[in-house]
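Beneath this line is the structure, given in structure tokens, with notes to follow.
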Amino acid sequence: MWTSHDSTRHPFRFDVHTIYFSEDAVTLEADPQSHFADRALNQANARKEVFFATPAEVRDVLASKAGNLLEFTEEAEATEYFQSLARGLPSERH
């Protein structure tokens, strides 16, 4: 999943997958949102910007718009997420 980080609430700290420079960050943020709109998790509330997309798919969209990505990481550290999975889902703990 890819998520914009501006106004949404997240259950875990998010990992940084890419660093890039842009003269127009607002437009650059909107491009992947438009590109992945049909893959939004919340179809009822477009302000909840969470999309089903791989890091590589997002990288490709950003690279086509921003050009040179300064840094890109395919795998997420996702420490809190993996720690939570190891403890099991709440329904599994009862």
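The values are calculated or read from the model by the stated rules, or taken from the named source; none is laboratory data. Keep in mind that this is a model prediction, so the values were computed, not measured. Please note: Cβ atoms are built from the backbone with ideal geometry, for glycine as well, and neighbour counts cover all protein chains shown. Surface accessibility is based on the protein's heavy atoms, side chains included, excluding ligands, DNA and RNA. Shrake-Rupley method; radii C 1.70, N 1.55, O 1.52, S 1.80 Å.
Tabulated results
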read-out: Single residue of segment 25-46 satisfying the filter (over 16 Å from residue 60 (Cβ atoms) and part of a loop (DSSP other than H, G, I, E, B)) that is most open to solvent (accessible area, probe 1.4 Å); value: 43
read-out: Single condition residue 56 does not satisfy, out of (1) open to solvent by less than 90 Å² (accessible area, probe 1.4 Å); (2) outside any helix (DSSP H, G or I); (3) modelled with pLDDT of 80 or more; value: (2)
read-out: Whichever residue in segment 63-74 is surrounded by 14 or more Cβ atoms within 10 Å (Cβ to Cβ), out of contact with any Phe, Trp or Tyr (no Cβ under 6 Å at 6 or more places or on another chain) and under 16 Å from residue 16 (Cα atoms) and, among such residues, is modelled with the highest pLDDT; value: 63
read-out: Qualifying positions in segment 25-53 - within 21 Å of residue 64 (Cα to Cα) and at pLDDT below 75; value: 49
read-out: Boolean, residue 22 is of a type in the set (Gly, Ala, Ser), at pLDDT below 80, surrounded by 10 or more Cβ atoms within 10 Å (Cβ to Cβ) and over 14 Å from residue 67 (Cα atoms); value: no
